[in-house]
1. In the chain, if the dipole is taken from +1 on Lys/Arg beta carbons and -1 on Asp/Glu beta carbons about the Cα centre, which of Leu19, Phe104, Ala381 is farthest to the positive end?
2. For the residue pair Val344 and Ala47, what label-to-label distance in nm results when each label sits 7 Å from Cα along the Cα-to-beta-carbon direction?
3. Take every Cα-Cα pair in the stretch 124-229 and report what % of them are more than 19 Å apart.
4. Could you work out the helix-only [θ] at 222 nm for the chain, with each DSSP H run of four or more residues adding -39,500 (n - 2.57) and the total divided by the number of residues, to the nearest 500 deg cm²/dmol?
5. For Arg181 and Ile204, calculate 0.36 nm times their separation in residues minus their Cα-Cα distance, and state this gained length in nm to one decimal.
6. Test of understanding: extend the Cα→C-beta vector of Asp216 to 7 Å, then name every residue of the stretch 128-168 with backbone N under 17 Å from that spot.
7. So how tilted is helix 349-358 from the main axis of the chain? Cα-based, degrees 0 to 90, rounded to 10.
8. Out of the trypsin sites (Lys or Arg not before Pro) in the stretch 113-166, which ones are loop residues according to DSSP with at most 13 other C-beta atoms within 10 Å?
Amino acid sequence: MADKSFLNWPFFEDHHRKLAEDLESWCDKNLPVDHSNIDAACRELVAKLGEAGFLTYSAIDPDKPEALDVRSLCLIRETLARHDGLADFAFAMQGLGTGTISLFGSEEEQQWLHSTRAGKAISAFALSEPRSGSDVANMDMTAVRDGEHFILNGEKTWISNGGIADLYCVFARTGEAPGARGISAFVVPAETPGLSIKERLHVIAPHPLATLSFKDVRIPATGLIGEAGQGFKLSMAVLDVFRSTVGAAALGFARRALEETVSRVQNRELFGAPLFDLQMVQGHVAEMALDVDAAALLVYRAAWTKDKGADRVTREAAMAKLYSTDRAQSVIDKAVQLHGGDGVRSGTVVEGLYREIRALRIYEGASDVQKVVIARQVMNAS
Ligand code: COS
């Protein structure tokens, strides 16, 4: 049973505790789903999470706009990750994929949110390109104005939900200025002519992932999100919200690894006594528990700060993501070690966690990028 005492921290309100409890019992009944067909599993997860009402937290309600509640987003990701990494993925991408629309979309664009919040449409965030992953400002993809339309040409890669998404939030160069000041964001429905899946990408923790090709993709000018030339800032502001949630997912994986380890070291006998009797093992367990609590503090500090109305949480979110993902990697590595051969046997829980955690130190801003972001924030503040 995972430690829930953190829910008593002052970051949370009663409705958060209720959400965590409701989701926990939903997870007990519904997860994990069968992963043998990843696309089908993701569609099933989105539909089920939608039906159960949990996707209403992934995006704002277009009928009564209120800010996204980042603590709820984090609690949901943490809980889902503890039960099933793919369920976390399915939830997270509904949020990231529509994040630009939730935060900056027009009333018309926000109509999409009715179907993504109900689990009836799947969304994706298309920012990275073959030549610009970390260096977003250097993207090549173009969007050229043609009367009442924009015409998009280029490629996006490492796009989660690529291949199963119904709508993509796409960033492209509109050329108002060089670099970061000449990028804009667009809503592009998946069936738009000229948009195709160039390649499906396969990774160690499988989920739908693809390279997208845009050849003369014509979209109405009403698909522009926010102002032309502001797309870089919009993407960074969206990442400021969702990076804390990546930290939360890592926290969920780490908590599960700790839980599995506690059970293992109590039940496995070695040298005539439970593994836990060895002080070296106690040392590992203590370090794992400390990493989990410290990560939780940073994640929920960032989420609470945003929910309390901070204009920017760039520093808090970067710290939460960097620390939580790095420490979760270490916690899970220790869990593998304490499981011995079972830790690397295909199909065991800790083996799955070991594969799941790695990408979190890369996507939505690699650990190295987070360090750059934190350092710049520290310099700006001094
Ligand atoms: N919120 C709002 N505005 C922001 C911002 C934020 N979090 N971060 C930067 N900006 C603004 C800056 O203030 C600057 O504005 P002005 O032009 O008005 O001065 C502008 O955006 C450019 O910022 P900066 O100079 O920092 O841009 P860089 O090209 O140096 O950005 C990093 C560098 C590496 C920080 C950025 O490209 C980044 O985060 N890369 C990782 C991207 C990523 O997460 N990719 C994964 C995709 S999703 S899987």
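1. Ala381
2. 4.0 nm
3. Numbers: 2085 of 5565 pairs.
Of all Cα-Cα pairs in the stretch 124-229, 37 percent lie more than 19 Å apart.
4. Numbers: 11 runs with 191 residues, N = 382.
The per-residue figure over the chain is -17000 deg cm²/dmol.
5. On the way: separation 23, 0.36 × 23 = 8.28 nm, distance 3.55 nm.
The Arg181-Ile204 span can extend by a further 4.7 nm.
6. 142-155
7. For 349-358 against the chain, the angle is about 40 degrees.
8. Values: sites: Arg117, Lys120, Arg131, Arg145, Lys156; in loops: Lys120, Arg131.
Passing both the DSSP loop test and the Cβ count: Arg131.
Just so you know, all these numbers are worked out from the coordinates, no wet-lab data involved. What you see is a predicted model, and the numbers here were worked out from it, not measured in a lab. So basically every Cβ, Gly included, is an ideal-geometry build from the backbone, and we count neighbours across all protein chains shown.
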